[in-house]
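The values are calculated or read from the model by the stated rules, or taken from the named source; none is laboratory data. Note that the coordinates shown come from a computational prediction; the quantities given were computed from them, not determined experimentally. Ideal geometry is used to build each Cβ from the backbone, glycine not excepted, and the neighbour counts take in all protein chains shown. All accessible areas refer to the heavy atoms of the entire protein, side chains included, with ligands and DNA or RNA removed. Shrake-Rupley method; radii C 1.70, N 1.55, O 1.52, S 1.80 Å.
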Amino acid sequence: MELTIERDGGTVIARPNGRLEGLQGASKFQKALEKSIGPDDHALILDMEALTYISSAGLRAVAIMINRTKAADMGFVLCSLSKSVNDVFTTSGFNRLVQVVDTLEDARWTVAA
Amino acid sequence: MAGEGSLRLTPSEEPHQESVLETIAAEVEGWGTREGWGSSLIFKVNLVLDELATNIIVHGGKERRRSPDIVIEVASRGDEVIIEISDDGRPFNPLSDAPPPPAVHENLEDAPVGGLGIHLVKNMVDSMSYRRENGRNRVTMTARREQPVPAATTSHRRRLER
């Protein structure tokens, strides 16, 4: 999996590309996300458009980021989930832990609000 | 089970979870493409085998000091896929022995690893059974191909939402 980071003002837009799986893979992903956030950032958007696979290991990485962003008083929004990835979020109940929206544009509006 | 595809993940002294997951993903993709499962069923079968194999590798070998021998068999029957995974690790019934899934209000970082993955498996398959025989755990599951929603139902639903 590759992770591209883009910064728009104080908003970090992270785009995982490929498969988010395995305990090591998930931990690497989570650490890269944490490193991408600076002290002045106010929101993190996880754009999942190019994410083709996620397992419980990936969900745990997302769970850690929910806690980190909450602790830093940052916004955290997920967008552009494929149907299968979205199924994993609803089946696990994660859609109730973190905001999930349809498009990147919606995500930008959500963190700006 | 007469398999459309079968896969044996041989035990190793140092289990490499990542390479096992790569193997599973590649095999499932191959079977599913050949059988025309469609992408969401391929995803589902991959996820189920990923979670169960990970659980076996992480927890199943503790007493035997090596990762268990894992055999996966998959067969298509009509609209259904039958998935079977067996291992010679310590007895573990995912239907009754898995820790409960972490509650949404809990601190998920500290929740036990197995609970979430097995919760996903149980809720994504259409049936699941377990038996222990000849020193092996054997989990058999079925997953159905998703049917396209009939046009009439779709329009009815749209009307209700308005």
Heavy-atom accessible area, 1.4 Å probe, ligands and nucleic acids excluded: residues of region B:29-54 down by at least 50 Å² from chain alone:
B:Phe43
Roll a 1.4 Å probe over the protein heavy atoms and report the accessible area of A:Arg15 in Å², nearest 10.
70 Å²
How high is the relative contact order of region A:2-104? Use alpha-carbon pairs under 8 Å, at least six apart in sequence, and give a whole percent.
27 percent
Area hidden from solvent between B and A (accessible, protein heavy atoms only, 1.4 Å, total, Å²)
2200 Å²
In nm, the gap between the two label points placed 7 Å beyond Cα toward Cβ at B:Arg34 and A:Ser27 is 3.5 nm
With a sphere of radius 14 Å drawn around the Cβ of A:Ser36, what net charge do the other residues whose Cβ falls strictly inside it have (Lys, Arg +1; Asp, Glu -1)?
-1
Two decimals is fine: what's Rg over Rh for chain A, C-alpha atoms, Kirkwood radius as Rh?
0.92
A:Asn17 label point, 7 Å along Cα→Cβ, cut-off 16 Å on backbone N: hits in region A:40-55?
A:47-53
For A:Glu6, project a label point 7 Å along Cα to C-beta. Then give me every residue of region A:32-60 with its amide nitrogen under 15 Å of that point.
A:44-51
What FRET efficiency do you get for B:Arg136 and A:Glu49 if R0 is 45 Å and r is their Cβ-Cβ distance, rounded to the nearest 0.05?
0.65
For B:Asn93 and A:Asn95, what does the FRET efficiency come to when R0 = 45 Å and r is the distance between their Cβ atoms, rounded to the nearest 0.05?
0.95
